[in-house]
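Report on the structure given below.
Read-outs: derived from the displayed coordinates by stated rules, not from any lab. Here the structure is a predicted model, which means the values were calculated and not measured. So basically every Cβ, Gly included, is an ideal-geometry build from the backbone, and we count neighbours across all protein chains shown.
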Amino acid sequence: MWFDEHNHPVNYEKLNPAERKKAHLERCYKLVTLLHLRGKQPCYVYAAVAVVSGKDHELPVLDRLIERFVGAVGRGVIKKLLLDRGFLDGERISRWKRDLGIDVVIPIKKNMDLWTDAWSLAATEPWIEQPVVPPAPVPPPPQRPDHRVQREAKRQRTLAERKAQTPTSALERRRVSVRACVIKDFSSWSSATVPIHVAGAIHARTGGPVASTIIPY
């Protein structure tokens, strides 16, 4: 595949002459995984893995992994899939829900009718405000040597002192709370054949959208 000088994949045909001089070919592979997240435990288990050409789209690859996994262990083992926008496909998401009983949580794009409809309806729906709770510090592993624990504690103290001396950024100041709204049973996504629930969130201080997520039920 063609890559630019920053090692980002590019379409060589769309590059101008100056950009083509900086482009280079590299072997490229894509890793598609099906991970089992273990709740609050800081670990996960690989349920399925596929290594394919970098030119292959990951959606059909994931589809095959899911079909084979369900075929091997049966329905009901995979209850919910957390995906990114690269897997947005109404037909497949509907089939996973209808035929395999799998719910999907996935961000939607701003150029989708579903996004526009959801934010329009959210103006008349109730919102719930939740404070943003900072994550609790993770204790060091019990097998870590004492000198490593002391070194890490000193590093954290130094970071805390530097942070206290640094002005709080606008991004940190606005992460005090988040308002969320859930609207159910959308049917404006033409390629989806199951009802869609949309959850939207905004920063309580800025009013800007954070994310919209779809969940087929």
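Observations on the model:
- Judged by the mean number of other Cβ atoms found within 10 Å, the most tightly packed of the peptides 100-108, 131-139 leads the ranking 100-108, 131-139.
- Across region 21-166, Cα-Cα distances exceeding 27 Å account for 53% of all pairs.
- Rounded to the nearest 0.05, the FRET efficiency derived from the C-beta distance between LYS109 and ARG157 at R0 = 45 Å is 0.55.
- Relative intensity of region 52-122 on a log10 scale, I(q)/I(0) at q = 0.20, 0.23 Å⁻¹, equals -0.90, -1.07, per a Debye sum over C-alpha point scatterers of equal strength in the absence of solvent.
- Entry note: region 1-41 has Rg to Rh equal to 1.32, where both radii use alpha-carbon atoms and Rh is the Kirkwood radius.
- Sites THR33 and HIS147 - FRET efficiency at Förster radius 30 Å, r taken between beta-carbons, to 0.05: 0.25
- In summary, the helical segments of the chain meeting the span-like criteria, namely a full DSSP H run, a Cα extent along the axis of 18 angstrom or more and a mean Kyte-Doolittle hydropathy of at least 0.5, are 58-73.
- Over the chain: helical MRE at 222 nm, DSSP H runs n ≥ 4 each giving -39500 (n - 2.57), nearest 500: -9500 deg cm²/dmol
- About its Cα centre, region 1-103 has a charge dipole of approximately 360 debye under the convention of +1 per Lys or Arg Cβ and -1 per Asp or Glu Cβ, with nothing else charged.
- In units of the rule-of-thumb radius 2.2 N^0.38 Å, region 1-103 shows an alpha carbon radius of gyration of 1.39.
- Distance (nanometres) between label positions extended 7 Å along Cα→Cβ at ASP99 and THR193: 1.0
- In this simple spin-label model, placing a label point 7 Å from the Cα along the Cα-to-Cβ direction at both ASP84 and SER120 gives a separation of 3.1 nm.
- Each label was represented as a point 7 Å from its Cα along the Cα-to-Cβ direction; for VAL51 and ASP4 these points are 2.9 nm apart.
- For region 6-79, applying the loop criterion from DSSP together with a ceiling of 16 other beta carbons within 10 Å to the GluC sites (Glu not before Pro) yields GLU26.
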